[in-house]
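Peer 1: What follows is a single structure, and I will ask about it in a moment.
The values are calculated or read from the model by the stated rules, or taken from the named source; none is laboratory data. Worth saying up front: this structure is predicted, and the values here are computed from it rather than measured. Cβ placement follows ideal geometry from the backbone for every residue including glycine, while neighbour counts extend to all protein chains displayed.
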Amino acid sequence: MKRILLLLMAAGVWHTALAGDTAAVTKAAGVTISIRNTSAIVRNEEIVEIPYVQLRGLTGAFKLINKQTGKEVPYQLAYEGAPTPQHLLVQVTIPARASIVVTAIAGKPAVVKPRTYARYVPERKDDFAWENDRVAFRMYGAALENFPAENALGIDVWTKRTSELVINSWYQKNDYHHDNGQGLDYYSVGMTLGGGDIAPFLNDSIYFPKNYRIHKVLDSGPLRCTFQLGYEPWQVGNITVSVLKTISLDAGSQLNRMSVSYTLQQGDSLPVAAGIVKRAAPGTILLDEKTGVAGYWEPEYGADGITGLGLVVPVQNGHMKVTDKHLLATATASGKAPYVYYFGAAWNKAGRYTSASEWFAYLQTFAAKQAAPLELTSISNKRILSI
């Protein structure tokens with residue numbers, strides 16, 4: 001998932017026309033947004049976010065138009081659990097070292113086909129599942145703890161070779177451990193971090209919480225889904241810890257954004273590790289502390305194929321290592337600010353990444369994009385007046 005924090009390189013220029021007492025301001029507002037790609041990487045269908053507060057006057061129905069091509073640009077209003085929009089999410093394609101200009105005009109926008117989705121699944125022992133047009137995931141709730149033989153802790157991966165959203169149909173059929181032509185869940189999690197979860201890491205030991213207790217969907221598409229999972233306090237050495245995880249997944253991305261907020265009853269920092277479960281058979285491993293990339297190309301799982309897993313973590317914030325059960329990226333998390341990293345997966349049968357080298361290249365490119373975010377160079381807002 002590529003969550004882009006736009007950099008305001010020049011102050012927004014706000015123009016409000018003035019007229020006499022007979023003038024009335026309409027609700028339609030013309031807003032022009034300039035976005036620049038300073039990197040040598042083509043940004044293809046990337047989701048960028050713009051704080052909605054910067055778009056004063058953008059009210060009512062509106063369309064976004066690429067000024068260069070004249071084509072409509074897909075967007076989503078992200079509420080992030082609030083009653084009013086917090087961000088405007090815009091899906092853009094920008095060549096290397098180039099810029100685009102997007103203009104908002106009054107009018108009914110084209111319907112954007114949902115490409116992300118998230119929901120609580122009470123009918124399956126408190127699962128929480130989410131997906132986009134590339135891959136799907138789930139995490140486990142309190143009800144599963146009543147079934148010790150089935151219980152699991154980390155992040156589960158559902159492999160897909162369809163761009164359609166499948167969570168609801170797969171749960172309804174209750175046959176998702178077999179490939180029905182769209183993909184399947186063959187990933188084994190158990191009592192591990194699974195496909196990219198995070199937990200306190202003290203004296204070479206992972207301190208797992210119980211399964212999540214609180215869930216909240218903040219946004220569920222069409223271009224980004226965001227949700228929160230809350231965990232009850234547990235003991236990590238002499239520190240009492242609770243955590244709130246905010247996860248978002250963008251359309252077209254193999255990776256999720258994980259923002260982890262720890263509450264510490266003692267101290268103000270906590271050693272943690274994000275990790276990927278390691279299989280007994282040999283796989284291909286990439287640990288690159290310089291770029292913050294950890295990649296794993298699993299051993300082939302019979303006819304089900306091969307899953308690639310990945311982490312992109314803040315550089316110069318910790319170390320990476322391989323243990324008997326995991327690939328780990330260790331760090332120190334603060335009790336005062338969220339710790340943010342990215343995790344995700346790919347499947348060779350989906351056809352996009354069919355080898356370790358291709359998957360690792362994707363992860364390295366993803367990390368490079370995070371290091372060179374798209375830049376918001378200007379916003380111009382002109383209210384339209386009618387006499």
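Peer 1: Which one is nearest to residue 346 (Cα to Cα) among residues in the stretch 144-172 that are of a type in the set (A, V, I, L, M) and in contact with a strand residue (DSSP E or B) (Cβ under 9 Å, 6 or more places away or on another chain)? Let's see the steps before the verdict.
Peer 2: Here is the first cut: in the stretch 144-172, the ones of a type in the set (A, V, I, L, M) are 144, 149, 152-153, 155, 157, 165-167.
If we keep only those that are in contact with a strand residue (DSSP E or B) (Cβ under 9 Å, 6 or more places away or on another chain) as well, we get 144, 152-153, 155, 157, 165-167.
Numbers: 144: 26, 152: 21, 153: 21, 155: 14, 157: 9, 165: 16, 166: 16, 167: 17 Å.
Per the criteria, the residue is 157.
Peer 1: So, one more: Can you pull out the residues in the stretch 112-159 that are within 23 Å of residue 309 (Cβ to Cβ), more than 19 Å from the chain's Cα centre (by Cα) and assigned to a loop (DSSP other than H, G, I, E, B)?
Peer 2: 150, 151, 152, 153
Peer 1: Got a number for residues in the stretch 258-312 being over 20 Å from residue 139 (Cβ atoms) and β-branched (Val, Ile, Thr)?
Peer 2: 5
Peer 1: Does any residue in the stretch 225-243 that is under 11 Å from residue 207 (Cα atoms) come within less than 8 Å, Cβ to Cβ, of a residue that is of a type in the set (Lys, Arg) and outside any strand (DSSP E or B) six or more places away or on a different chain, and which pairs are these?
Peer 2: 234/210
Peer 1: Restricting the stretch 261-282 to residues that are touching a Pro at 6+ places or on another chain (Cβ under 6 Å) and touching a residue at least 40 places away in the same chain (Cβ under 8 Å), which is farthest from residue 199 (Cα to Cα)?
Peer 2: Across the stretch 261-282, the extreme among qualifying residues is 261.
Peer 1: Checking the conditions here, which among 351, 308 is out of contact with any strand residue (DSSP E or B) (no Cβ under 9 Å at 6 or more places or on another chain) and under 30 Å from residue 180 (Cβ atoms)? Give the steps one after another, and end with the answer.
Peer 2: Working: 308 fails: out of contact with any strand residue (DSSP E or B) (no Cβ under 9 Å at 6 or more places or on another chain).
Unique residue meeting the criteria: 351.
Peer 1: Another one. For the stretch 261-284, enumerate the residues that are surrounded by fewer than 24 Cβ atoms within 10 Å (Cβ to Cβ), under 30 Å from residue 357 (Cα atoms) and of a type outside the set (Lys, Arg).
Peer 2: Passing the criteria: 277, 280, 281, 282, 283, 284.
Peer 1: Go through the stretch 51-87 and give me each residue that's hydroxyl-bearing (Ser, Thr, Tyr), within 11 Å of residue 109 (Cβ to Cβ) and surrounded by fewer than 16 Cβ atoms within 10 Å (Cβ to Cβ).
Peer 2: Within the stretch 51-87, the subset hydroxyl-bearing (Ser, Thr, Tyr) is 52, 59, 69, 75, 79, 84.
Next, from what is left, pick out any that are within 11 Å of residue 109 (Cβ to Cβ): 75.
Listed by number, the list is empty, since nothing qualifies.
Peer 1: With the structure loaded, tell me whether residue 58 is aliphatic (A, V, I, L, M), under 15 Å from residue 223 (Cα atoms) and in contact with a helix residue (DSSP H, G or I) (Cβ under 9 Å, 6 or more places away or on another chain) or whether it fails that test.
Peer 2: Working: aliphatic (A, V, I, L, M): yes; under 15 Å from residue 223 (Cα atoms): no; in contact with a helix residue (DSSP H, G or I) (Cβ under 9 Å, 6 or more places away or on another chain): yes.
Answer is no for this residue.
Peer 1: Identify, from the list 90, 111, 121, the residue that is under 20 Å from residue 220 (Cα atoms), loosely packed, with under 15 Cβ neighbours inside 10 Å and at pLDDT 95 or above.
Peer 2: Among 90, 111, 121, only 111 is under 20 Å from residue 220 (Cα atoms), loosely packed, with under 15 Cβ neighbours inside 10 Å and at pLDDT 95 or above.
Peer 1: Continuing with the same structure: Kindly indicate whether any position in the stretch 200-207 is closer than 28 Å to residue 350 by Cα and free of Cβ contacts under 8 Å to residues at least 60 places away in the same chain.
Peer 2: Restricting attention to the stretch 200-207, the residues satisfying the condition of being closer than 28 Å to residue 350 by Cα are none.
No - not one qualifying residue is present in the stretch 200-207.
Peer 1: Could you please give the count of residues in the stretch 336-365 that are in contact with a Leu (Cβ under 6 Å, 6 or more places away or on another chain), among the aromatic types (Phe, Trp, Tyr) and either assigned to a helix (DSSP H, G or I) or closer than 19 Å to residue 284 by Cα (or both)?
Peer 2: The qualifying residues number 2.
Listed here are the residues, each with its yes/no results for (1) in contact with a Lys or Arg (Cβ under 6 Å, 6 or more places away or on another chain); (2) not assigned by TED's automatic domain parsing to the domain that holds residue 347.
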{"residue": "61", "(1), (2)": "yes, yes"}
{"residue": "67", "(1), (2)": "no, yes"}
{"residue": "86", "(1), (2)": "no, yes"}
{"residue": "89", "(1), (2)": "yes, yes"}
{"residue": "135", "(1), (2)": "yes, no"}
{"residue": "139", "(1), (2)": "no, no"}
{"residue": "153", "(1), (2)": "no, no"}
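Peer 1: Can residue 134 be described as among the basic types (Lys, Arg), touching a Ser or Thr at 6+ places or on another chain (Cβ under 8 Å) and buried (at least 16 other Cβ atoms within 10 Å of the Cβ)? Write out each step before concluding.
Peer 2: Working: among the basic types (Lys, Arg): yes; touching a Ser or Thr at 6+ places or on another chain (Cβ under 8 Å): yes; buried (at least 16 other Cβ atoms within 10 Å of the Cβ): yes.
Judged against the criteria, residue 134 is a match.
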